[in-house]
Amino acid sequence: MFTAEEKRRRYLLVEAALAEAEGELGLIPAEAAAEIARVARTITLDPARLGVRIAAHGHTMMALVEELAEAVGEHGGWVHWGATTQNIQQTGDILILRDVHDAVRNSVREALVALADLAECTAAMPMPGRTHWQHAVPITFGLKAAAWADQFTRHLERLDELRPRLLRSMTGGAAGTFASFGERGPALQARVAEILGLSPMPVPSRAIVDHLAEFVLLLGLISATAQSVAEEVQLLNTPEIGEAHEAIPAGQVGSSTMPQKRVAPHVGVLIIAAATARAAAPLALEAMLQSHEVDGTRSVMMDRALEQAGTHTMQALDALVPLIQRLEVDPGRMRENLGLTKGLINAEAAMLALADALGRQEAHHVVHHAVERVNAEGLSFADALLADERVAAVLTAEQIDALLDPANYTGLSEQIAREAARSARAAASA
């Protein structure tokens, strides 16, 4: 989408729309408008010849206008009438960004459907919840998938909210005053936008680029969520955890010397692409600092930020969808990991059960003492609790076993996962 050839094709579409609108409004002769529009939409440019012109002028748009004018022939003098380079370039780039927006939106929808399936099929699958890299309380894998889906649901909302702000055509002339078009300037801008399927800028200032920066930042948000999913899969795939991994195609190897290595094919690509997309955000914000009515240097910065963010966000999303679809989870390993701390992962459940009889603070003190014995003496958490008279007076061994069963303390994980799956599917189908 961002190749020089594709950009020039979009610029010619804008030139065609400009001529068509100017002809309708009487700014240029109707026959000239018709010929310019026809040629601009059908011309095949000679890259070598155009390159010579660009080298001579040091200005891409001037070379393009001359090529178009010569191809138009006797009406060539009406090409690019009253417009300035950024009118054509920024509007043409918006046509590209419309395609980028559509592609990103479609990929986010695909990710949501895949995440909905994942959340639903693992909604009741217990696993260790982890905070600050330590076991916290039990959750289900479905809850983890629900958290990913919830973020992408909002990204889809953000894309839809941004679309009308992003897809704006600018035809205000050299400084956005319509001076070269006169009183018909606003009508011309509105008609050019209509022909191209865009909306006109209320204030056609070339210094207004916040909507472009907003798109870059949104792509950064989407990339960050995609990378978060990939890095979580990378962590869960380690031999020490082993709870989830991407299916490895037959014959694929992870190392030239270590046959045992399992390297997820999409994780690395995704992380690199997402990080590169996010790195465009500071550049886009820098490009918003326009001087006077336009700053050409900052305009180039914005072009590069948009291209970098758009290209690499799509690359990240292209890796994310198959990663989710091919994700394999290991409930047996999750059960093993839930037992690593000998019941301590359910310490909160024990504390709350004791709090009814002992009060919350005393219950916390009692349970903390039992935790210290587990860590120091190697006891199971159940035995450490029963060894305390204050606990034995309140809870039986059977009650403690039930309290320390991780499957009994996942809260509303399953419900949340299923609700998130429904919401994700609804958002993806809207």
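The values are calculated or read from the model by the stated rules, or taken from the named source; none is laboratory data. Worth saying up front: this structure is predicted, and the values here are computed from it rather than measured. Reconstructed Cβ throughout: ideal geometry from the backbone, glycine too, with neighbour counts over all protein chains shown. Heads up: the accessible areas ignore ligands, DNA and RNA and are worked out on the full protein's heavy atoms, side chains in. Shrake-Rupley method; radii C 1.70, N 1.55, O 1.52, S 1.80 Å.
Note on Val203 and Ala393: the model spin-label points, each 7 Å out from Cα along the C-beta direction, lie 7.4 nm apart. Cβ-Cβ distance of Arg38 and Arg163, R₀ of 41 Å, FRET efficiency by 1/(1 + (r/R0)^6): the value works out to about 0.85. When all protein chains stay in place and ligands, DNA and RNA are ignored, the 1.4 Å accessible-area order of Val371, Val203, Val269, Val72, largest first, is Val203, Val269, Val371, Val72. The heavy atoms of Glu157 present about 90 square angstrom of accessible area, all protein chains included, probe 1.4 Å. Compared with the direct C-alpha span, the chain from Glu372 to Ile248 gains 40.4 nm at full extension, assuming 0.36 nm per residue.
Evaluate E = 1/(1 + (r/R0)^6) for Glu194 and Phe2, where r is the Cβ-Cβ distance and R0 equals 25 Å; express this FRET efficiency to the nearest 0.05.
On the way: r = 26 Å, r/R0 = 1.02.
According to the calculation, E is roughly 0.45.
Solvent-accessible surface (1.4 Å probe) assigned to Met62 amounts to roughly 90 Å². In this view, the solvent-accessible surface of Ser291, computed with a 1.4 Å probe and all protein chains in place, comes to about 50 Å².
How much length would be gained if the chain were fully extended between Leu340 and Glu419, taking 0.36 nm per residue of separation minus their Cα-Cα distance, in nm to one decimal?
Details: separation 79, 0.36 × 79 = 28.44 nm, distance 3.03 nm.
This chain segment gains 25.4 nm when fully extended.
Over the chain, DSSP H runs of length four or greater, each weighted -39,500 (n - 2.57), average out per residue to a 222 nm ellipticity of -21500 deg cm²/dmol. A cut-off under 9 angstrom between Cβ atoms defines the neighbours of Gln290, and their net charge, with Lys, Arg +1 and Asp, Glu -1, is 0. Which FRET efficiency, nearest 0.05, do Ala175 and Asn106 yield, Cβ-Cβ r, R0 35 Å? Calculated transfer efficiency: 0.40.
The largest accessible area among Lys7, Lys342 belongs to the first residue in Lys342, Lys7, and the rest follow in falling order (1.4 Å probe, all chains).
Per-residue 3J(HN,Hα) values for the stretch 382-392, derived from phi via the Karplus relation 6.51 cos²θ - 1.76 cosθ + 1.60 with θ = phi - 60°, read 4, 5, 5, 5, 5, 6, 8, 4, 5, 7, 4 Hz in sequence order (x marks Gly and Pro). Ranking of Arg158, Arg298 by solvent-accessible surface, largest first: Arg158, Arg298 (1.4 Å probe, protein heavy atoms only, all chains present). Between the amide H of Arg130 and those of Ala136, distances stay under 5 Å, these residues lying 5 or more places away or on another chain, with hydrogens modeled in the peptide plane.
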